[in-house]
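The values are calculated or read from the model by the stated rules, or taken from the named source; none is laboratory data. These numbers come from a predicted model, not from an experiment. With ideal geometry, Cβ positions are generated from the backbone for all residues, glycine too; neighbour counts draw on all protein chains shown. To get the accessible areas, we keep the full protein, side chains included, count just its heavy atoms, and leave off ligands, DNA and RNA. Shrake-Rupley method; radii C 1.70, N 1.55, O 1.52, S 1.80 Å.
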Amino acid sequence: MFLTAGCGSVTARAPAPPAPTVHVSPAFDGRNARTDRGLVVRARGGTLGTVLAYAEGRPVPGRLDTARTTWRSDWALRPGTEHTVTATATRPGAPSTVAMGRFRTRTPQRTFRVVSAVPLPGETVGVGMPVILTFDSPVRDKAAVERALEVRAERPVEGAWRWVGDTRAIYRTKEFWPARQRVTVVAHLAGVRSAPGVYGTADHSLSFTVGRAQTSTVDTRTHQMTVRRDSRVVQRMAISAGMATTREYTTTSGVHLTMDKGNPVRMISPGRSKGDPGYYDLLIDHAVRISDSGEYVHAKDNVWAQGRVNVSHGCVNARPDQAAWFYAGSLRGDPVTITGTDRELEWDNGWGYWQLPWEEWLEGSALRPPAPAVGTPAQPLPQR
């Protein structure tokens, strides 16, 4: 008797792919984590689903990259704070991975902060208004601090920061602000390293409103000033400008911004003492300052000269009733463009920032790479 065995096929089941891994930096359970590098969550062998990060109960803002493999916090981490992270990674055919943990950031020994800011919170300003932040200690890592400065506008326009020394950063738009909108500035300084061993511990924020678009032009040759609001002429004023017998008595030509105002303002002749020729010490009504070199648009009763001849010490004189009108309607940051003299307004004289062409303004940004030397590739900005 013969026995036969039947043959059959056996299909081996392919092994399931390994589950993805999740890496979190700073590492879980750390008690002295760096703040300036932010929080980074990466998936290996899969993609990230959800990432939930909190700093003592407050959400840590961040975003996924396009490949959904890396999540980065938008800003540095708050110092001296416990952070919790929950991250999920998935891969088709593999079980999901959930990483949960916590770490605490270090507390800095030396700190820095914004000590003053322009505009004031809640202020309504003109369309040329800059944002000026002054810090209480020298900033060595300007790029790190500049990356932490955020400007949000309801009607955004291109703008950039420029550093003036080690303690001041100024934001200017490429074109004037669109009128009638709200702007918010946030300095996300908490955890930012400004210099070796120096960190921010708190953010600084302010909001202001851009008002109507008022622009003024002054022609010192025709002795006329024209004021426009939203492109409509609302006032024409006969004026008298600087007599130009000396440099200090020459009105500067260029784009000025109104900086502040007073009624009255005490004006004293520069570089002269009482009894010297040309000395004066006067209280001037309805004075609107437009530079740091003593220039104002103000009231003066020398109506015989206004519209005819320049006789002032450098200011723009106007008829008292018209000067009072200009004073009452002026906001800080209103542009006043003066032409017709041989003395140019310096860009750093008051708020003469519009005197710099845009490309020159950008050269003062710490985030604008300098032109590389011949044969040297440009260095990319460091990633957070």
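Restricting the range 296-329 to residues that are open to solvent by less than 10 Å² (accessible area, probe 1.4 Å) and under 30 Å from the mean Cα position of the chain (by Cα) leaves a set whose member that is farthest from V234 (Cα to Cα) is V297. The criterion of at least 1 residues that are modelled with pLDDT of 95 or more, under 16 Å from the mean Cα position of the chain (by Cα) and farther than 30 Å from W325 by Cα is met, among strands (runs of 3 or more DSSP E) falling completely within the range 151-214, by 159-163, 168-173, 181-187, 204-210.
Within the bounds of the range 276-283, is there any residue that is open to solvent by less than 70 Å² (accessible area, probe 1.4 Å), hydrophobic (A, V, I, L, M, F, W, C) and at negative phi? No, every residue in the range 276-283 fails to be open to solvent by less than 70 Å² (accessible area, probe 1.4 Å), hydrophobic (A, V, I, L, M, F, W, C) and at negative phi. Of all residue pairs spaced 6 or more apart or on separate chains, those with beta-carbon atoms under 7 Å, a first member in the range 308-329 that is farther than 16 Å from E248 by Cα and a second member that is open to solvent by 20 Å² or more (accessible area, probe 1.4 Å) and of a type in the set (V, I, T) are R319/V303. Would you confirm whether or not the range 327-347 contains a residue that is assigned to a helix (DSSP H, G or I) and in contact with a His (Cβ under 9 Å, 6 or more places away or on another chain)? Yes, some residue in the range 327-347 is assigned to a helix (DSSP H, G or I) and in contact with a His (Cβ under 9 Å, 6 or more places away or on another chain).
Among the residues examined, T81 qualifies as touching a strand residue (DSSP E or B) at 6+ places or on another chain (Cβ under 6 Å) and not aliphatic (A, V, I, L, M).
Being under 27 Å from the mean Cα position of the chain (by Cα), farther than 30 Å from Q181 by Cα and open to solvent by 60 Å² or more (accessible area, probe 1.4 Å) is the requirement here; does R34 meet it? When the stated conditions are applied, R34 passes them.
Residues that are of a type outside the set (V, I, T), open to solvent by 10 Å² or more (accessible area, probe 1.4 Å) and either assigned to a strand (DSSP E or B) or within 13 Å of T258 (Cβ to Cβ) (or both) within the range 113-145 comprise S116, A117, E123, listed in sequence order. Filtering the range 247-254 for residues that are of a type in the set (D, E, K, R) and in a strand (DSSP E or B) leaves an empty set. The residues on offer are Q214, Q235, and the sole one that is under 30 Å from V186 (Cβ atoms) and of a type in the set (S, T, N, Q) is Q214. Listed conditions (1) farther than 24 Å from S96 by Cα; (2) modelled with pLDDT of 95 or more; (3) surrounded by fewer than 17 Cβ atoms within 10 Å (Cβ to Cβ) are all met by A67, apart from (1).
Screening A202 on (1) of a type in the set (A, V, I, L, M, F, W, C); (2) over 12 Å from A366 (Cα atoms); (3) open to solvent by less than 10 Å² (accessible area, probe 1.4 Å) shows it passes everything except condition (3). Just for the range 212-241: of the residues that are of a type outside the set (A, V, I, L, M, F, W, C) and open to solvent by less than 10 Å² (accessible area, probe 1.4 Å), which one is nearest to R180 (Cα to Cα)? Among them, the one singled out is Q214. When S291, S269 are screened for being open to solvent by less than 40 Å² (accessible area, probe 1.4 Å), in contact (Cβ under 8 Å) with a residue 60 or more places away in the chain and under 19 Å from E248 (Cα atoms), only S291 passes.
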